[in-house]
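Where a number appears in this text, it was derived from the coordinates with a stated rule and is not lab data. Predicted model, so just to flag it, every value in this text is computed and none were measured. Here Cβ is always computed from backbone atoms with ideal geometry, including for glycine, and neighbour counts include all displayed protein chains.
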């Protein structure tokens, strides 16, 4: 057949989609209220425009070619989305659901993700949230093509990122060191010197927090015994709950993370900062859900509190022992 056309006729595509969906020319003609010869003509024009056959004879009926199945998949997405657009326009503006498609970097602490996203669950009118998890470069690629609205990350997007994106700092905090009581009892000296040779369960080398920790350890002349490295913070806490070493967590969520795994906070420092960002394609935030997230984080930072609605009672740290 001839080479593909530069432009796609969606009227022809709809006729093809309906035949493929209904499985016959007759049923498609009834749905579209047109004659079968008219549909055949439209599909032939589409095949000429695309440069390949979409159907092949199969007994007394038609079957999709491999290329036809590919095009049907695209057409199905296009016209399903079109129907959603029509449904949305028939609703009153106040009744349309606000949606937020958020990408969360897989190294982002899960509990911190919840605390940052919490305003969305409390928002009125309700917001429909879809969360995706992945590596920062992959999520940024989806952001720049508008497949997601925001990326939550523990590091800013670099200036070399393809596409124009903007980093919005949500919150910054120090870090806390937590372990099982039996691990803490074996540590020698006071914090932070008691970290020397202590069994450590640390983030992997590609993590921003790990790089900050390594620099801080060198500055205080401490070398922990790295027992294991993890990308998954949840798995790190499970291993720590077995008494295999200490972990490091952002201070705002350390107490809750400790409570759920039987860990105790034995030290903290503000010399290591963990920062959390909302990355968008907007220089100035306009999406109501992202505005709610940013406003809550900004208010908490201004007051010097955590992102949690209420602060837990201050617990005694192991480093406070006489």
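The figures follow:
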quantity: For the stretch 1-72, convex hull volume per residue from C-alpha positions, Å³; calculated: 80 Å³
quantity: Nearest-ten-degree value, helix 251-261 long axis tilted from longest Cα axis of the chain; calculated: 90 degrees
quantity: Nearest-ten-degree value, helix 110-122 long axis tilted from longest Cα axis of the chain; calculated: 60 degrees
quantity: Protection proxy ranking, peptides 267-278, 63-74, average beta carbon neighbours within 10 Å, highest first; calculated: 267-278, 63-74
quantity: Ascending count of other beta-carbon atoms within 10 Å, so fewest first, for 178, 207; calculated: 207, 178
quantity: Percent RCO, i.e. relative contact order, over the chain, from Cα pairs under 8 Å lying at least 6 residues apart; calculated: 19 percent
quantity: More than 35 Å apart - percent of Cα-Cα pairs taken over the chain; calculated: 44 percent
quantity: Per-bin percent of Cα-Cα distances, the stretch 173-273 [10 Å]; calculated: 17, 57, 27, 0
quantity: R0 of 45 Å, Cβ-Cβ distance residue 69-residue 211: FRET efficiency to nearest 0.05; calculated: 0.40
quantity: 0 to 90° range, to nearest 10: angle between helix 10-22 axis and the chain longest Cα axis; calculated: 90 degrees
quantity: Extension gain from residue 99 to residue 147, taking 0.36 nm per residue of separation minus the Cα-Cα distance; calculated: 16.1 nm
quantity: Residues of the stretch 176-206 with amide N under 15 Å of the 7 Å Cα→Cβ point at residue 219; calculated: 176, 192-193
quantity: Separation of the residue 172 and residue 135 label points, Cα + 7 Å toward Cβ, nm; calculated: 2.8 nm
